[in-house]
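Here, each number is a calculation from the coordinates, and none is a lab measurement. Since the structure is predicted, the reported quantities are computational estimates derived from the model, not experimental observations. Neighbour counts are summed over all protein chains in view; Cβ atoms, including those assigned to glycine, are modelled from backbone coordinates with ideal geometry.
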Amino acid sequence: MKALWAIYLRGLIILKNRIGKTLVSFFLSPVLYALAFGWGVGRNLDVEGVPYLTFMLPGLIALSGMNQSFSIATEINISRFLSHFFEEYLLSPARDYIVVLGNILYGVTKGLGSFGAVIIIGFCFGVVPGSGFIIIIPVLLNSIMFSSLGVLIALTVKNHRDMSSFTSFIITPMSFIAGTFFSLEGLPRIFHILSEVIPLTHSSLTIRALFLGRPIAVYHYLIMAAYTLLFFFLAVRQVRKAVT
Amino acid sequence: MPNNSILTLDRLDKTYPGGIHAVKNLSFKLKDGSICALLGPNGAGKSTAIGMICGLCRPSEGSLYFRGEKIVPGSTEYRSKIGVVSQHLNLELDLSAWQNLKIHALLYGMGKQEREKRIERLLIDADLIQRKNDQVRSFSGGMKRKLQIIRALLHGPELIILDEPTVGLDPAAREGIWDIIYALNRDGKTILFSTHYMEEAQRYSQRVAIIHQGRIIRDNTSAALIKELGSWCLIDYSDGIKQTTFFQDRKTAVTSGARGSSRLVIRETTLEDLFIHLTGSELDRKENGK
């Protein structure tokens, strides 16, 4: 447990040291999205029976949570390739799964921070979650899932360029075709199939359903849990291969 | 395996994916309480050997023993018995000295009371106590290296492995680092270090192992290795080519020099001469296709 705390504590201290920049990063993108799409483009638009901003905000929670949680990948990369601090974990008696868990905890903290930020932005625009605190369940799952993916990718890539390629080719496109900004209803079948494979889709759908107080099929949660477990175990397997 | 050594490398072999055969059949015993230098030119296999000893990379073949007990790959118990000072200054620059040490102590499962006492003591010993709350980013290279060394000592390891501990430091900082390392050895800690600075190896180590092309080619005290080659050397700089000849005594070297050109230097053989003789000459031969 001490080793887990050590890894998490490092993240918390870094977060504390950069609190200003971190807070800006929590708020900046969601505010811009809310202004541009929600308030600007979609001011007079209804989607799935609700105003567009109300529709989009849960998608923004999922998207922002993904981005913040996955961003630990960059930090792990810096500690692998630049500061080499990651070696400190590998040399210590901490078990590999503890190294992964400690980093995931840090990612989840960032993910929850971004959730708080989007909720505050929603309040400012007069949009509040309809289901209360239960929304935290898919939000947490979303953060754990993308933190696990972040650790996995950070430990798999061979250099910084590979990392940015993954973000450009996988993370960014995922942001737009996972039901975050538009409804998946009425889209061609190929898009449906593609979006079903994408983990962010299930986060968007579950968070939106709870946000709007609507029912949601359990299988979305199961898919998120399955992805989380898959990413976690693959990340643990990668720890010892991460020596540079 | 009989145990009169703290660490035994038994026919270690490492081939990387892609076929690079970095370490070949490496056998070596490190005596408890000794200080030993691992020398070798770039690409000789030193870092791979150290990586295998630290548990950072798995041997393709062969075994390691710690106090006679075979080390199971991935053993967390073994990792808690060694302290490693990496070649990279692998500190968290955004954290203070104290925070870096605290995280290390937690990783090794140390309790609060023991942890704080040890951190305080080590920071005092390394003359870093005044800077304990400063971000490591603001430290000089020598201070960072000192911090790295005391961090490796924090959990009380029995064996300390230092990979080029003084690389990139000015002479005064190097001297300071060696004061710490030498004091550790006097306190009974076993030290294994790699270096490119031959004078450091000659001055501080009780034993030198020279690794070349993945194999240990010499392993003895530096005095014995030098004596084996010749304690005196005659360096002839005529025709723009440096030619070194070794002799057992000064008189023979002088006599031999008297018959040659006037651009001669006669001096005691150093470990660097021996190193260049053993590794450089082979490289030269390879480069010349002989």
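Could you put A:F125, A:F176, B:F193 in order, starting from the residue whose Cβ has the fewest other Cβ atoms within 10 Å?
A:F176, A:F125, B:F193
Express the relative contact order of region A:2-243 as a whole percentage, based on alpha carbon pairs under 8 Å and six or more residues apart in sequence.
28 percent
Checking the a/c ratio against 1.5 first, then a/b against b/c, what shape does the Cα gyration tensor give for chain B?
Verdict is prolate for chain B.
Counting only helical runs of four or more DSSP H residues, what would the 222 nm mean residue ellipticity of the protein assembly as shown come to if each run contributes -39,500 (n - 2.57) and the total is spread over all its residues?
One gets -15500 deg cm²/dmol as the mean residue ellipticity at 222 nm.
Within region A:203-244, whose backbone N sits under 17 Å from a point 7 Å along Cα→Cβ of A:D162?
Only A:234-244 fall inside the zone, counting backbone N under 17 Å.
Kirkwood Rh, Cα Rg: Rg to Rh for region B:160-283?
Result for region B:160-283 is an Rg/Rh of 1.04.
As a footprinting exposure proxy, order A:L82, B:L12, A:L9 by other Cβ within 10 Å, with the fewest listed first.
Lowest count first: A:L82, A:L9, B:L12.
Quick one: grab the alpha carbon gyration tensor of region B:158-210, order the square roots of its eigenvalues as a ≥ b ≥ c, and give me rounded if a/c is under 1.5, else prolate or oblate depending on whether a/b is larger than b/c.
Since a/c reaches 1.5 but b/c is at least a/b, the shape of region B:158-210 is classed as oblate.
Which trypsin sites (Lys or Arg not before Pro) in region A:51-143 sit in a loop by DSSP (not H, G, I, E or B) and have at most 10 other Cβ atoms within 10 Å of their own Cβ?
none
Please compute one quarter of the surface area of the Cα convex hull for region A:78-194 and express it in square nanometres.
10.1 nm²
What fraction of the Cα pairs in region A:2-55, stated in percent, has a spacing above 19 angstrom?
More than 19 Å apart: 53 percent of the Cα pairs in region A:2-55.
How high is the relative contact order of chain B? Use alpha-carbon pairs under 8 Å, at least six apart in sequence, and give a whole percent.
Result for chain B is 20 percent.
Using DSSP, restrict attention to beta bridges with both residues in the protein assembly as shown and report what percent are antiparallel, rounded to the nearest 5.
Here the antiparallel bridges make up roughly 65 percent for the protein assembly as shown.
For each pair in A:K2/B:K189; A:K16/A:K110; A:K241/B:K29; B:K132/B:K189, compute the distance between the two Cα atoms and list the pairs where it is over 19 Å.
In this structure, A:K2/B:K189; A:K241/B:K29; B:K132/B:K189 lie more than 19 Å apart at Cα.
For the pair B:T76/B:L93, report the inter-label distance in nm, with labels modelled 7 Å from Cα in the Cβ direction.
3.2 nm
Explain nothing, just the number: dipole magnitude of chain B about its Cα centre with +1 on each Lys and Arg Cβ and -1 on each Asp and Glu Cβ, in debye rounded to the nearest 20.
320 debye
How big is the Kirkwood radius of the protein assembly as shown, worked out from every pair of different alpha carbons and given in Å to one decimal?
Here the Kirkwood hydrodynamic radius works out to 26.6 Å.
Kirkwood Rh over alpha-carbon pairs of region B:48-176, then Stokes-Einstein at 20 °C and 1.002 mPa s: what D in µm² s⁻¹, rounded to an integer?
D, rounded to a whole number, is 138 µm²/s.
Binning at 10 Å from 0, report for region A:2-243 what percent of all alpha-carbon pair distances ends up in each bin.
Per 10 Å bin, starting at zero, the Cα-Cα P(r) for region A:2-243 comes out as 8, 32, 35, 19, 6, 0 percent.
Classify region B:119-209: rounded, prolate or oblate, from the alpha-carbon gyration tensor (a ≥ b ≥ c, eigenvalue square roots; a/c under 1.5 rounded; otherwise prolate if a/b is larger than b/c)?
oblate
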